[in-house]
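*Asks:* The following block contains the structure, expressed as C-alpha cells.
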Amino acid sequence: MRFSAGTEDAMSSTAANSSSPLDWKFSQVFGERRPGEDVENIDVISAIEFDKSGDYLAVGDRGGRVVIFETKASKDATSKQHLRNASEGSDDVVIQHPEYRYKTEFQSHEPEFDYLKSVEIEEKINKLKWCTTLNGSLFMLSTNDKTIKLWKIKERKVKKVKEMDLTRSVSSESALLSENSFLSHESKSSVANGHQLEWIDNIKTSVSPSSTGYMNGESIVDGAIARCRRMYGHAHDYNINSISNNSDGETFISADDLRINLWNLEVTDQCFNIVDMKPSNMDDLTEVITSAEFHLLHCNLLAYSSSRGFIRLVDMRQSALCDRSATMLQDTESRVQKTFFTEIVASISSIKFATDGRHILSRDYMNLKLWDMRMPTSPVVTYKIHEHLRPKLCDLYNNDAIFDKFDCCISGDGNRFATGSYSNHMRIFSNGVGTEDGTTLEASRHSYRKRQQQSASRARRSSLSNLTRGFYKQGHDASENNEFSCDLKSKLLHISWHPKTNLIACSTGNSLFMYHA
C-alpha cells in the first residue's frame with residue numbers, strides 16, 4: 001500500500017500549533033433526564049453521527065427511531081458581522097460555535113421475528129452513516145442487526161392550520177368528502193414514511209359534521225419528510241456491527257461478526273463478500289470482526305478490527321477476498337502481563353481513520369490507541385482509560401461491564417481524540433500536547449457533578465461476538481459491587497466530533513450533550 005508523503009510533517013506542525021489544552025464548555029443538551037427519572041430502554045441513544053459539513057447531526061436509539069438536528073440559520077448574522085467589521089476596519093471575525101435545533105424524526109426500524117431461526121430481531125439502531133447530498137436532499141444509511149436502509153430526507157413546505165372558522169358552514173356531505181379525500185392521500189403517505197401532519201390545538205373536537213366550517217389562518221412553514229429509498233437485507237447471518245460509506249459515493253460496506261460485504265447504493269439484491277472469517281469448523285473460531293471502516297481518501301482501502309485486538313488493512317485491488325492479503329496492526333511491544341481476561345479487554349470496539357489518511361484511532365476496553373499505518377508493530381501513542389479498573393476485571397466480567405463497547409472519535413484536524421468512560425465521563429486527549437491523562441469532563445450541565453447510581457438490569461444480547469464468554473464463564477453472576485471508584489451504570493458509550501470545529505456530541509442514556517471549545 002502506498003500513502004502520501006509529507007503528512008507526518010503537516011501533522012506534527014499542526015500539533016505544535018495547538019500547544020495548550022482546550023477549554024471545554026457546556027453547549028447544549030437534548031432530552032435531559034430529571035433527577036430520579038427512569039429511562040426506558042427504547043429511549044436509550046445507540047448511535048450518533050455528524051454529516052461531512054457538520055450542519056446536520058443524526059441520533060438513533062434502541063427504539064429504532066432516528067432524530068435529525070440541524071444548525072440554526074445564521075447567514076444573516078454572519079453577513080452583518082462581516083459588514084460591521086469591514087466598516088470598522090477590523091479583520092477579526094467572531095466565529096461562534098454552532099447551535100443545533102430539532103429538524104425531523106422518523107421510525108427507521110421495527111421489531112421483527114425470524115421464524116426460520118426462532119430469533120427476535122431488535123429494532124435498535126446500531127449505526128448511522130451520512131451519504132452524499134444530492135439535489136438539496138439528505139441521504140443516510142441506518143442499520144439494525146439484520147437490515148440496512150437508505151433514507152432520503154427532503155425539505156418541503158407544510159401548511160399549518162391555526163384556527164377553525166365556524167361562521168361559514170358547508171353541508172355535511174361535502175365536508176366529509178373533502179376531509180376524507182385529504183386525509184386518505186396525505187396521512188397514509190406521511191405515516192408510511194415516518195412523518196406526521198402538524199395540527200393546532202385550537203380546532204374544536206366537539207364540532208358536529210353538519211356544522212363543520214372552513215379552516216383559515218393557514219401559514220406556510222418549513223418541514224422535512226423522510227422516505228425509505230432502498231432496503232438492503234438478507235445478506236448477513238450474524239448481527240451487523242458496522243456500516244461505512246466509500247469515498248467514491250457509490251458503494252458502502254457492512255460488517256457482521258464473521259463477514260464483510262460490499263454494496264452498491266443502487267443495487268439492493270446483490271452484494272460482494274470481500275472478507276470471510278468463518279472457519280469450516282466453528283469449534284476452531286478464535287476471533288470475530290468488531291468494526292470496519294473505509295479509508296477517508298482512497299476508495300480501495302479499508303480497515304477492520306477483531307476481538308483479539310488486531311487491525312487489518314486491506315487493498316481491494318489486490319484480491320477479491322481481501323482477508324488473504326491484509327496488513328496487520330498489532331501491539332507486539334505490550335508489556336502487560338498475560339492474565340485470565342487479557343484477550344477480552346483487548347477486543348477493539350471502534351476504529352476511526354484520521355483526516356491525514358495515515359493514522360488510525362482505535363478503542364479497546366482499557367486503552368485508546370493511535371496507530372501509524374506504516375508502523376504495524378506498535379501504536380504511536382497509548383492513552384490509558386480504565387487502568388484503575390484492572391484489579392477489578394473479575395468483577396467486571398461477572399456483571400457484564402467488561403463487554404461494554406465504547407466509541408472513539410477524532411477532531412477535524414486529526415490532532416485531538418475523545419472517547420467515553422463510566423460515571424458519564426468523557427476523556428479528551430491531544431496528540432503530542434499535555435499529559436497522557438488528558439482532560440476529563442462529565443456529561444452534565446455542571447461538569448464533574450456526581451450522579452446517583454441507578455439500578456438497571458442489563459440484558460444479554462445474543463451475538464457471535466459474545467462467544468468468548470464460553471471460554472471463561474464461571475457459571476454464576478456476582479452481586480452489585482459497591483467498591484468501584486466509578487459508577488458502572490452511568491456510561492458514555494457513543495461520541496462524535498464535529499468535522500470542522502471543536503464541538504463534541506455525546507450521549508448518556510436518553511440524553512444528548514454537546515460541548516464546545
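The values are calculated or read from the model by the stated rules, or taken from the named source; none is laboratory data. Computed from a predicted model, the values in this text were never measured in an experiment. Because the Cβ atoms are built from the backbone with ideal geometry, glycine has one as well, and the counts that use them run over all protein chains shown. Surface areas here come from the heavy atoms of the whole protein model, side chains and all, with no ligands, DNA or RNA. Shrake-Rupley method; radii C 1.70, N 1.55, O 1.52, S 1.80 Å.
*Asks:* Within 10 Å of each candidate Cβ there may be at most 16 other Cβ atoms; applying that plus a DSSP loop requirement, which trypsin sites (Lys or Arg not before Pro) in segment 19-55 survive?
*Replies:* Loop-located and lightly packed - LYS52.
*Asks:* Now a separate question. With the cut-off at 23 Å, tell me which of the pairs LYS25/LYS127; LYS103/LYS500; LYS352/LYS392; LYS127/LYS157 have Cα atoms farther apart than that.
*Replies:* With Cα atoms farther than 23 Å apart: LYS25/LYS127; LYS352/LYS392; LYS127/LYS157.
*Asks:* Continuing with the same structure: So with the 1.4 Å probe, I'd like the accessible area per residue for segment 337-452, rounded to whole Å².
*Replies:* That works out to 37 Å² for each residue.
*Asks:* Follow-up. Please work out how much accessible surface ARG390 shows to a 1.4 Å probe, ignoring ligands, DNA and RNA, in Å² rounded to 10.
*Replies:* Roughly 70 Å² of ARG390 is accessible to a 1.4 Å probe.
*Asks:* Heads up, I need the accessible area for ASP407: 1.4 angstrom probe, whole protein in place, Å², nearest 10.
*Replies:* Accessible area, nearest 10 Å²: 20 Å².
*Asks:* Which percent of the accessible heavy-atom area of segment 253-298 goes to carbon and sulfur, probe 1.4 angstrom?
*Replies:* On the way: 950 of 2040 Å².
Roughly 46 percent, rounded to a whole number.
*Asks:* Which value, in Å² and to the nearest 10, is the accessible area of ARG445 when all protein chains are kept and the probe is 1.4 Å?
*Replies:* 110 Å²
*Asks:* Then there is this: Could you sort ARG324, ARG227, ARG374 by accessible area so the largest value comes first, with the probe set to 1.4 Å?
*Replies:* Per-residue accessible area, sorted high to low, gives ARG324, ARG374, ARG227.
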